[in-house]
1. For the range 165-174, indicate whether the set of residues that are over 16 Å from the mean Cα position of the chain (by Cα) and at positive phi is non-empty.
2. Is it true that PHE177 is farther than 30 Å from GLY209 by Cα, at pLDDT 95 or above and among the aromatic types (Phe, Trp, Tyr)?
3. Can you tell me which residues in the range 70-100 are of a type in the set (A, V, I, L, M, F, W, C), closer than 26 Å to ARG156 by Cα and over 13 Å from the mean Cα position of the chain (by Cα)?
4. Would you call GLN111 in contact with a Gly (Cβ under 9 Å, 6 or more places away or on another chain) and either at pLDDT 95 or above or among the charged types (D, E, K, R) (or both)?
5. Of the residues that sit in the range 14-48 and are of a type in the set (Gly, Ala, Ser) and assigned to a loop (DSSP other than H, G, I, E, B), which one is modelled with the lowest pLDDT?
6. Return the residue satisfying two criteria in turn: it lies in the range 39-67 and is β-branched (Val, Ile, Thr) and touching a Gly at 6+ places or on another chain (Cβ under 9 Å), and of such residues it is nearest to GLN205 (Cα to Cα).
7. In the range 130-156, which residues are over 20 Å from the mean Cα position of the chain (by Cα), buried (at least 16 other Cβ atoms within 10 Å of the Cβ) and not aliphatic (A, V, I, L, M)?
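The values are calculated or read from the model by the stated rules, or taken from the named source; none is laboratory data. Only a predicted model underlies this, so the values are computations on that prediction, with no experimental measurement involved. Cβ: placed from backbone, ideal geometry, glycine included. Neighbour counts: every protein chain shown.
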Amino acid sequence: MRIALAAVASMTFAVSLVAQSPALPSDVNAESLSRLPVVARESLDAEGQRIYDFIGGRGGTPPKTGPGGVSLHSPAGAEAIQMLNQALRKTVIGTKYFEISALVGAREFDQQYEWSGHEPAALRAGVDQAAIDAIKFDRDVAGLEDKSATVILMGRQLFRGNHQLNAELWARAVRLFGPQGALEVTMIMGDYAMAAVMLNAVNQQLPPGRPALMPARR
């Protein structure tokens with residue numbers, strides 16, 4: 001009887017979760033939460049399976065959602081993307097400015113999945129809420145510490161208008177981060193912009209339980 005009651009309770013809870021979850025777009029897969037299905041390891045050739053295991057890391061299985069899961073539809077591309085991202089996480093600019101650069105790339109393409117994952121990561125890395133809000137709400141950077149403001153302004157110049165970085169801002173970035181760091185800021189932005197374009201193309205939805213932290217633009 002207890003087992004039967006537990007089963008009923010579990011089923012009721014599952015139905016409740018489904019009822020609370022927003023309906024997915026008609027072309028979105030219920031497992032991957034995107035327009036592409038989850039890649040099965042057995043569907044890949046030997047090289048693809050090697051890459052699948054590489055993306056899975058110590059856990060063995062790649063994520064079903066997000067860049068790791070989506071990119072496996074192009075295994076060679078998935079490996080290159082993963083290797084680039086892991087290399088950039090060891091940037092000389094440090095975790096704090098890595099996260100600011102990632103948020104800039106995500107926001108410029110209004111990528112909710114990326115943003116909702118990296119805003120909490122940015123807070124954990126010591127990014128001020130004011131800097132996050134400047135990116136999130138496209139606010140003036142006045143009052144922010146110099147390095148944060150510089151990264152945000154670099155993103156705005158590179159992603160908007162004529163997509164050029166002026167000499168003054170480049171020199172400021174080199175002074176603050178060094179030549180390698182200044183370049184790596186742009187590489188991180190580019191990496192997350194690339195992922196954002198990919199995720200937007202497949203209409204990646206948020207996993208259950210992850211709040212949407214990025215508001216729509218006015």
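1. Checking the range 165-174: not a single residue is over 16 Å from the mean Cα position of the chain (by Cα) and at positive phi.
2. So PHE177 passes the test.
3. LEU84, ALA87, LEU88, VAL92, ILE93
4. For GLN111, the condition - in contact with a Gly (Cβ under 9 Å, 6 or more places away or on another chain) and either at pLDDT 95 or above or among the charged types (D, E, K, R) (or both) - is met.
5. Looking at residues that are of a type in the set (Gly, Ala, Ser) and assigned to a loop (DSSP other than H, G, I, E, B), I get SER21.
6. VAL39
7. Residues satisfying the conditions are LYS147, THR150.
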